[in-house]
Amino acid sequence: MNGKALKTARKKLGLTQVEAAKKLGVSQAYLSLFEKDKRPLTGTLAKKAVQILELPPTILPIETKLKSLR
């Protein structure tokens, strides 16, 4: 999942960065860094983003998918 996908999903739900960050359990500044692709999205946070931002699980990086199968 890249920052653009994260930002698009957030906006589609009508959430501000502050609102989405609160739901994800991160600061607005940290979410901004994700959306700009300046910080990698951790597997745990990616899974949470899929649930909260109503994204398809197929958007998760392959590494995250493989870890959840173990």
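Worth a mention:
- Solvent-accessible area per residue for segment 1-57 (1.4 angstrom probe, square angstrom): 63 Å²
- With the simple spin-label model, which puts each label point 7 Å out from Cα in the Cβ direction, the Asp37 to Ile59 separation comes to 1.6 nm.
The values are calculated or read from the model by the stated rules, or taken from the named source; none is laboratory data. The structure presented is a predicted model; accordingly, all values stated were derived computationally and were not measured. Note that we place each Cβ from the backbone using ideal geometry, even for glycine, and neighbour counts take in every protein chain shown. Protein only, heavy atoms only, side chains kept; ligands, DNA and RNA dropped before computing areas. Shrake-Rupley method; radii C 1.70, N 1.55, O 1.52, S 1.80 Å.
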